[in-house]
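This report concerns only the one structure given below.
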Protein chains: 2
Amino acid sequence: MKLLLKIAYDGAAYHGFQYQPNALSVQEVLTACVSKAFSVECTVTGCSRTDAGVHALGFCAAVEPKDEGLKGEKWCTVPPSKVHRLLNMHLPGDIAVTGAAVVDDSFHPRYSAHSKEYVYRICDSVYPDPFKRSRAYHIKRRLTDEQIKIMNEFGKILLGRHDFSGFMAQGSSVKDTVRTLYRLEVKRVSEFEVTLTVSGDGFLYNMVRIITGTLLDAAFGRITSEDVKNALEKCDRSRTGFTVPAEGLYLNRVEYGEITEFFAD
Amino acid sequence: MKLLLKIAYDGAAYHGFQYQPNALSVQEVLTACVSKAFSVECTVTGCSRTDAGVHALGFCAAVEPKDEGLKGEKWCTVPPSKVHRLLNMHLPGDIAVTGAAVVDDSFHPRYSAHSKEYVYRICDSVYPDPFKRSRAYHIKRRLTDEQIKIMNEFGKILLGRHDFSGFMAQGSSVKDTVRTLYRLEVKRVSEFEVTLTVSGDGFLYNMVRIITGTLLDAAFGRITSEDVKNALEKCDRSRTGFTVPAEGLYLNRVEYGEITEFFAD
């Protein structure tokens, strides 16, 4: 058995989810905490890397004992619905377990995922919001309804199955750059906040941040719909927009076909 | 002339608004920043002390030159609507100016206030929320609709003009303990958050936090309506509830009769 955890974290203090030798990661903290809480040395596998400063609301990570011999054993005696209580006592305040489920040994939080949903938060007040610092991208000028409409229109061009290498940061070594976007929606959620929600079967390196920057460039008239179509057809990064900062990005949800419920009571 | 600033701050790093000799206060940081930004040594007077860790969304503070001789002068040449741009360049990320207005020399941000509104945020998810740490009080169990209804019913007892000394922390030296509450409302604002909003002509030391604790005790059946009535009539602190932590409290708004508009563009 493996234990699948749903976790939320404020990424401001971390260099992403993935373990790094010279910087603090969520994975490193989580691995130490679950090992201590279960009194078994564990490995933790995430559903995604995330960049330094990126946040998560519904990140999924699988936990299993490091010792191969223990994998068949019932190494976790806490019922899944109580796991959050045990682990949150050990975790720092910027990481929380919000639910847990038992999954098969063959389950992989990354490869078993059907889709992922990200949210990008844009704060468009003329002054900064102290409660959104490092949690949203502050653009200092208002987005009009017309501009939000343009962002949604440009977003529609990206829906479906495309080679998104024009929306990938340089330096990525991934070979298959074809991804399918299921949904892209830009909307005003409060007086001074606009969010972009995007879901797909997977995302390339910096893809959500480049999509968001491209749609903002479109809103401000710096990019045309021809540019976006060309960027897709010709896989041309020079036709797409800037990369918005990590601080506005949230991994919101991961969908797995068979795992529909996480327990917490 | 004085300049009246509307400010928001995340109070987590500060020992309240009011200057203290041995701890960092919002007033100390604000005074240094405005003096530097205007190139005039200034004094800053707040609409309220706030406790360590308390936050503000619509705090008001008056700025004037320290040098009496300058008070008649036009010491601030920046139009009020642009003041936020200048000051936010100097302020740290957890304090922001959200608007400004010019007021008479006779104006006092505390004594000229007609009413103040506070909001207390209660997070009632079973697990902690990393994005609400130090910004809401986490009670770890759900508040039912029935319990929210009870809190509102008990809140009605407190409306109007009363001696609130039973709702004041020990050690306060204030003599007039009569205050008038205009409004008290408890409501669910999201799946895992309930807020208490209270407005009145003024508040005693810890009064909002003791009111909130009393209504939570009422919700959980630890205090009766007779206790609350007795606490008011007999000015008896032993009949009221516990003091909820500072981290959930926000000074939301201050109303001044004549000053109705703050400028920011």
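The values are calculated or read from the model by the stated rules, or taken from the named source; none is laboratory data. Computed from a predicted structure; not experimentally measured. Note: ideal-geometry Cβ built from the backbone for every residue, glycine included; neighbour counts use all protein chains shown. When the accessible area is computed, the model is the full protein with side chains, heavy atoms only, and any ligands, DNA or RNA have been set aside. Shrake-Rupley method; radii C 1.70, N 1.55, O 1.52, S 1.80 Å.
State whether the residues of region A:237-244 include one that is of a type in the set (A, V, I, L, M), under 18 Å from the mean Cα position of the chain (by Cα) and not in a strand (DSSP E or B). Yes: region A:237-244 contains one or more residues that are of a type in the set (A, V, I, L, M), under 18 Å from the mean Cα position of the chain (by Cα) and not in a strand (DSSP E or B).
Against the numbered list (1) over 30 Å from A:Asp265 (Cα atoms); (2) of a type in the set (S, T, N, Q); (3) within 19 Å of the chain's Cα centre (by Cα), B:Thr214 comes up short only at (1). Restricting region B:127-141 to residues that are open to solvent by less than 40 Å² (accessible area, probe 1.4 Å) and in a loop (DSSP other than H, G, I, E, B), which is nearest to the other protein chains (Cβ to nearest Cβ)? So the residue we want is B:Arg135.
For region A:250-265, the tally of residues that are closer than 23 Å to A:Thr50 by Cα and within 14 Å of chain B (Cβ to nearest Cβ) stands at 4. Of the numbered criteria (1) buried (at least 22 other Cβ atoms within 10 Å of the Cβ); (2) in contact with a helix residue (DSSP H, G or I) (Cβ under 8 Å, 6 or more places away or on another chain); (3) under 24 Å from A:Gly11 (Cα atoms); (4) among the small types (Gly, Ala, Ser), the one A:Ala246 fails is (1).
Just to be sure, is B:Ile150 modelled with pLDDT of 95 or more, in a helix (DSSP H, G or I) and hydrophobic (A, V, I, L, M, F, W, C)? Working first, answer last.
On the way: modelled with pLDDT of 95 or more: yes; in a helix (DSSP H, G or I): yes; hydrophobic (A, V, I, L, M, F, W, C): yes.
Taking the combined requirement at face value, the residue satisfies it.
Tally up the residues in region B:153-165 that are part of a helix (DSSP H, G or I) and open to solvent by less than 50 Å² (accessible area, probe 1.4 Å), please. If you could, list the steps in order and put the result at the bottom.
Kept after step one, since they are part of a helix (DSSP H, G or I), are these residues of region B:153-165: B:153-158, B:165.
Okay, now just the ones that are also open to solvent by less than 50 Å² (accessible area, probe 1.4 Å), so B:154-155, B:157-158, B:165.
Residues in region B:153-165 being part of a helix (DSSP H, G or I) and open to solvent by less than 50 Å² (accessible area, probe 1.4 Å): 5 in total.
Checked against (1) in contact (Cβ under 8 Å) with a residue 12 or more places away in the chain; (2) under 24 Å from B:Glu191 (Cβ atoms); (3) within 14 Å of chain B (Cβ to nearest Cβ); (4) open to solvent by less than 40 Å² (accessible area, probe 1.4 Å), A:Tyr120 passes all but condition (3).
Based on this model, can you work out whether B:Val208 counts as within 30 Å of B:Val78 (Cα to Cα) and more than 14 Å from chain A (Cβ to nearest Cβ)?
Working: within 30 Å of B:Val78 (Cα to Cα): no; more than 14 Å from chain A (Cβ to nearest Cβ): yes.
In short, no.
In this structure, is A:Lys116 modelled with pLDDT under 95 and either within 14 Å of the chain's Cα centre (by Cα) or among the basic types (Lys, Arg) (or both)? Here the answer is no, as A:Lys116 does not meet what is asked. Applying a threshold of 9 Å to beta carbon distances and a minimum spacing of six or more residues, or different chains, the list of pairs starting in region A:65-80 at a residue that is under 15 Å from A:Ser39 (Cα atoms) and touching a residue at least 24 places away in the same chain (Cβ under 8 Å) and ending at one that is among the hydroxyl-bearing types (Ser, Thr, Tyr) and part of a helix (DSSP H, G or I) reads A:Lys66/A:Ser35. Quick check on B:Arg237: is it open to solvent by 50 Å² or more (accessible area, probe 1.4 Å) and either more than 23 Å from B:Arg188 (Cα to Cα) or modelled with pLDDT under 95 (or both)? The answer is yes for B:Arg237. Residues being assigned to a helix (DSSP H, G or I) and either touching a residue at least 40 places away in the same chain (Cβ under 8 Å) or in the same structural domain as B:Asp129 (by TED's automatic domain parsing) (or both) are entirely absent from region B:178-199. Yes or no: region A:19-35 includes at least one residue that is open to solvent by less than 30 Å² (accessible area, probe 1.4 Å), over 24 Å from B:Lys132 (Cβ atoms) and at pLDDT 95 or above. Yes.
So that you can scan it fast, the table gives a plain yes or no per residue for (1) modelled with pLDDT of 95 or more; (2) assigned to a strand (DSSP E or B):
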{"residue": "A:Thr98", "(1), (2)": "yes, yes"}
{"residue": "A:Val102", "(1), (2)": "no, yes"}
{"residue": "A:Tyr111", "(1), (2)": "no, no"}
{"residue": "A:Glu146", "(1), (2)": "yes, no"}
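Considered as a group, the residues in region A:51-83 that are away from every other protein chain (no Cβ under 14 Å) and among the β-branched types (Val, Ile, Thr) include one that is most open to solvent (accessible area, probe 1.4 Å), and that residue is A:Thr77. If the condition is being open to solvent by 20 Å² or more (accessible area, probe 1.4 Å) and either away from chain A (no Cβ under 14 Å) or among the aromatic types (Phe, Trp, Tyr) (or both), then region B:84-112 contributes B:Val102, B:Asp104, B:Asp105, B:Ser106, B:His108, B:Arg110, B:Tyr111, B:Ser112.
When the residues of region A:166-194 are filtered to those that are open to solvent by less than 30 Å² (accessible area, probe 1.4 Å) and of a type in the set (Gly, Ala, Ser), the one that is nearest to A:Asn252 (Cα to Cα) is A:Ala169. When residues in region B:195-213 are screened for being open to solvent by less than 20 Å² (accessible area, probe 1.4 Å) and either within 15 Å of B:Arg179 (Cα to Cα) or at pLDDT below 95 (or both), 9 of them pass.
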